[in-house]
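A quick write-up on the structure given underneath.
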Amino acid sequence: MGRRRRLLIKGVRPVARVVFDRVTKRFGRLRAIDDLSFTLREGTILGLLGPNGAGKSTLLKLVAGLHRPDGGHITIDGEPPSPKTKAKIAYLPEIDHLYGWMTVRQTLAYVSAFYNDWDHDRSQELVNFMGLDLGARVSRLSKGMRARLKIVLAMSRNAPVVLLDEPLSGIDPTSRSRVLRAIVSEFRGDRQTIVMSTHDVVESEALFDEVLFLKDGRIALAGEAERLREERGKSIQELFQEVFA
Amino acid sequence: MQLRLDQHSPIYQQIIDEFKRAIARGELVPGDRIPSQRELASMVQVNPNTVQRAYREMEQMGITETLRGQGTFIVNDEGLVASIRREMADRALVAFVGEMHALGYGCDEMAEMVRATYRRVIEAGPKDGKAPSSADQGGAPGGEGGF
């Protein structure tokens, strides 16, 4: 098994490493990201945690290449974000980016056409698991169903980096649970790194290998989730409340 | 298997404890196949890496073994059940004695109270649930035995 893994790495590296080196992003006077440095470990799920306005979405957009840093450097496998790195990244935006006039089937066909790494079988499985109706028009879907469709779009790709911006926000408990299960069951630790932002820590904390608490664009606390539980005898949720009280 | 994760302690540790408990109670017996890592992760919505760590440690502890292409099984070893059962009992005893000691009870008193409680709770049968003998409660103990 060790040998097989090494062979994989020799070819195209299946899992991307993302490095932030003293990154700053300003909007006018506001420093949305303020001199931030960290390395995203390959093959892990990182929980990007913080209240609204902490800089979570900005950080994800920087990785996705949708924002450029005003200071510092970001690299994805050694390269700055570019159209080339975009091919490695599946990004689920917080906003509703789907076309209302399309059906679920049309949406899948439309989005899948952009990507070489689209996995049709997995997409089909996920649609079934999510209970999505292929013939339904997106504009007629409930908020929860739309969130489910968004996660199908993100997890159907074999992308080395998956960025999920608030995938649980504002949706019903059943949909939240489905979304979490889809992430757990589709995550491939040997070739994927996931960053998920949320302020919904209670439900999602068991999902994370690592957590990064973001406060005013800076790291308030970061580390391995299990180690933090062990060292402090507290859940991530409790630490979250302490940090952001 | 159901997992009640409280998230105040490492989750991989709780997964191991849950398997031990199931073995000690006989809910899992030697030779039983347990869920694959992926199945369990999905079932309890826990990071697959965390489940992997729990499974790796259980294998190192000699609790489980993985047979290629067949899955993960509880090791066929009766001694294992006995030792896990003993370990769980010991943990319960230490917690109990500590708590009772803090309340000011001595050893003989504790032993007597354990006997009395056993008679009341276990021998009276699980149906009545609560203490039927605590006469000082007065009349009928509420609506418990309703019909």
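The values are calculated or read from the model by the stated rules, or taken from the named source; none is laboratory data. If you're wondering where the values come from, they're calculated on a predicted model, not measured in any experiment. FYI the Cβ positions are ideal-geometry reconstructions off the backbone, even for glycines, and counts take in every protein chain you see. The area values use the complete protein model at the heavy-atom level, side chains included, leaving out ligands, DNA and RNA. Shrake-Rupley method; radii C 1.70, N 1.55, O 1.52, S 1.80 Å.
Going by the alpha-carbon gyration tensor, a ≥ b ≥ c the square roots of its eigenvalues, is the range B:79-131 rounded (a/c under 1.5) or, if a/c is not under 1.5, prolate (a/b greater than b/c) versus oblate?
oblate
With a ≥ b ≥ c taken as the square roots of the eigenvalues of the C-alpha gyration tensor of the range B:1-42, please select rounded if a/c is under 1.5 and otherwise prolate if a/b is larger than b/c or oblate if it is not?
oblate
Only helical DSSP H runs with n ≥ 4 go in: add -39500 (n - 2.57) per run for chain A, normalise by residue count and round the 222 nm mean residue ellipticity to 500 deg cm²/dmol.
-10500 deg cm²/dmol
Using only the Cα atoms, what convex hull volume per residue in Å³ does the range A:118-214 have?
Looking at the range A:118-214, the number lands at 101 Å³ per residue.
Provide Rg and Dmax in Å for the range B:11-76, with only Cα atoms included in the calculation.
Radius of gyration, then largest Cα-Cα span, for the range B:11-76: 10.9, 29 Å.
Loop only per DSSP, at most 13 neighbouring Cβ atoms within 10 Å: give me the trypsin sites (Lys or Arg not before Pro) in the range B:9-108, ordered by residue number. Can you show the working numbers first?
Values: sites: B:20, B:21, B:25, B:33, B:38, B:53, B:56, B:68, B:85, B:86, B:91; in loops: B:25, B:68.
Sparse-neighbourhood loop trypsin sites (Lys or Arg not before Pro): B:25, B:68.
On average, how many beta carbons from a partner chain sit within 10 Å of the beta carbon of a residue in B:74-83?
0
Mind telling me which of A:169, A:197, A:142 comes out most flexible in a GNM of chain A, alpha-carbon contacts under 10 Å?
Sorting by GNM fluctuation, first place goes to A:142.
What does the structure give for B:7-17 when I average, per residue, the other chain Cβ atoms found within 10 Å of the residue Cβ? Display every interim value, and only then the final one.
On the way: counts 11, 8, 6, 8, 6, 3, 3, 2, 0, 0, 0.
If you average over the peptide's residues, the count of other-chain Cβ atoms is 4.
Work out how much length residue A:19 to residue A:199 would gain on full extension: take 0.36 nm times their residue separation and subtract the Cα-Cα distance, in nm to one decimal.
Extra length from residue A:19 to residue A:199 when fully extended: 62.5 nm.
Classify the protein assembly as shown as rounded, prolate or oblate from the Cα gyration tensor: take a ≥ b ≥ c as the square roots of its eigenvalues, call it rounded if a/c is under 1.5, otherwise prolate when a/b beats b/c and oblate if not.
Prolate, since a/c reaches 1.5 and a/b exceeds b/c.
In square angstrom, rounded to the nearest 10, how much accessible surface does residue B:94 have for a 1.4 Å probe?
Surface open to solvent at residue B:94 totals about 100 Å².
Of all DSSP beta bridges in the protein assembly as shown, what percent run antiparallel (nearest 5)? Don't skip to the end; give the middle numbers.
Numbers: 27 of 45 bridges.
Beta bridges within the protein assembly as shown, antiparallel portion: roughly 60 percent.
Can you tell me the FRET efficiency between residue A:191 and residue B:112 if r is taken as the Cβ-Cβ distance and R0 is 35 Å, rounded to the nearest 0.05?
On the way: r = 62 Å, r/R0 = 1.77.
Step by step, r from the Cβ atoms, then E = 0.05.
Filter A:56/A:150; A:25/A:143; A:61/A:150; A:61/A:84; A:88/A:150 down to the pairs with a C-alpha to C-alpha distance above 23 Å, please.
A:25/A:143
Which parts of the range B:16-54 would a label at residue B:100 reach, counting a residue when its backbone N lies under 20 Å from a point 7 Å out along Cα-to-Cβ?
Correct set: none at all.
Between residue A:242 and residue B:83, what FRET efficiency comes out of the Förster formula 1/(1 + (r/R0)^6) with R0 = 51 Å and r the beta carbon distance, rounded to 0.05?
Calculated value: 0.85.
Keeping all protein chains in position, work out how much accessible area residue A:210 exposes to a 1.4 Å probe, and write it in Å² to the nearest 10.
Per-residue accessible area (residue A:210): approximately 40 Å².
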